[in-house]
1. Given the conditions (1) within 24 Å of the chain's Cα centre (by Cα); (2) open to solvent by 40 Å² or more (accessible area, probe 1.4 Å); (3) aliphatic (A, V, I, L, M), report the number of the one that A20 does not fulfil.
2. How many residues are open to solvent by less than 50 Å² (accessible area, probe 1.4 Å) and more than 30 Å from R18 (Cα to Cα) when one looks only at region 37-60?
3. Of the numbered conditions (1) over 23 Å from G266 (Cα atoms); (2) open to solvent by 60 Å² or more (accessible area, probe 1.4 Å); (3) at pLDDT 90 or above, L325 satisfies every one except a single condition; which is it?
4. With the structure loaded, tell me whether A155 is touching a Ser or Thr at 6+ places or on another chain (Cβ under 6 Å), closer than 30 Å to A203 by Cβ and either of a type in the set (A, V, I, L, M) or in a loop (DSSP other than H, G, I, E, B) (or both) or whether it fails that test.
5. Looking only at region 212-235, count how many residues are of a type in the set (A, V, I, L, M, F, W, C) and more than 20 Å from R255 (Cβ to Cβ).
6. Taking region 23-36 as the search range and keeping residues that are closer than 20 Å to V380 by Cβ and not hydroxyl-bearing (S, T, Y), which one is least open to solvent (accessible area, probe 1.4 Å)?
7. For region 217-233, which residues satisfy the criterion of being surrounded by 15 or more Cβ atoms within 10 Å (Cβ to Cβ) and among the basic types (K, R)?
8. Residues E191, E236: which one is acidic (D, E), closer than 30 Å to R316 by Cα, open to solvent by 60 Å² or more (accessible area, probe 1.4 Å) and part of a strand (DSSP E or B)?
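The values are calculated or read from the model by the stated rules, or taken from the named source; none is laboratory data. Predicted model only: the values in this text are computed from it and were never measured. Heads up, the Cβs are rebuilt from the backbone with ideal geometry, glycines too, and the neighbour counts pull from every protein chain shown. Heavy atoms of the whole protein, side chains included, go into the accessibility calculation; ligands, DNA and RNA do not. Shrake-Rupley method; radii C 1.70, N 1.55, O 1.52, S 1.80 Å.
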Amino acid sequence: FGDTTFSGRRLVRSPETRVAGVASIVLEGTRAGRRESYAVRTDLSLGDIVRRAAVASRWRREISSSWQLEVAPRLEARRDLSFGRDLEEARAVGTARLRHALANDVDHVEIGARGDFSRARGASAALVLDRNAGGGYVAFDHSELFGGEWRLGYAFTARAFPDSIVRDHFEQTLEARYRHELGSAGWIELESGGERRRTIHAAPTSRDRFLSALQVIEAQWPLSDRLALRTRLEGEALHYAQQDSLLYFDYQVARTSLGARLAMTGSWTLTLGPRGEALFSRLNPAEGYRELGGGLECEFLGGTGLWSVTPVAGWRDYDQVPGSLQGVGVHSSYAYYEVGLLADVGLPAALRLRTNGIARHEDHLDDSQNARSVYISVDVRRQF
């Protein structure tokens, strides 16, 4: 809920280096013959630019053979001085979930509640709003060992912003998912979701007055014992109560991907295929684009863990609109090259390494918009 619309772009020292020491302590256990479980985790990161401390806990209790209760509170504090900022944030989140298994033991009903409170201060906190939020949800799901799975859910959330009452709003969310096994490693999955947000008070813009929808169809068909074909179709739409041609305009996005998944000798799998994406907007056509690319996923599962490397390349072509104002909603087309890495492996001395990273390069027709980014995270743990 931060707002950077009017903060503009500014040049900062890049790349920016950070140094930090991190520590994490986790306590887990069970009681009452494993009918009750608990976990407490603390994370501490002390650095020259970013400092962060967090405490999260979870308590779960089997009230009876068909009823289960779970409560999960979390506290977090953060001080961020990166890229010339001075921002302090504190957040408290709490969730509760009550789950009931029906007589057939494959259908369940779930009721939940959530509270979320956030505060910010510092020289860079002017555009980061304080927030009080609360809500609940109800869901029904069905899961069979051999057969279809489905879930239907409805959630309601109310948010209030002490710094700006025009942002206060209600939000309603619907979700529906269905998965059916086709046999011999084939399956089809359907997902549908929608969100409606409306403001409590009269608001000057449609930022919090909109309706969104998402539709996904994904399926896998086995072609042989070692080769399978996987496809995904996705559609997304956003509709504002009152459009403008600069910030809050309706748009539709279509995405598709097709991949041939080959199981190699041993524990190797390769997935290769094209992917495409397109965005359409009648009121702001300068934001429209068409993207075509392809990717290869190399995955190894076995031995001490999992390795996955995913190189991707493609071209995004933005619509060129005659008479558009330079610098306002105008993008240059570009080629992109990206490599992703994911690993979760065991090491000697009861150590375990988890790492993920991504490197991306964008080569624009307008050289001033060229961009490069690298992200990497490494987590080393020891089992006691």
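1. (1)
2. Of the residues in that region, 2 qualify.
3. The failed condition is (3).
4. Criteria met by A155.
5. Of the residues in that region, 3 qualify.
6. A23
7. Passing the criteria: R230, R232.
8. E191
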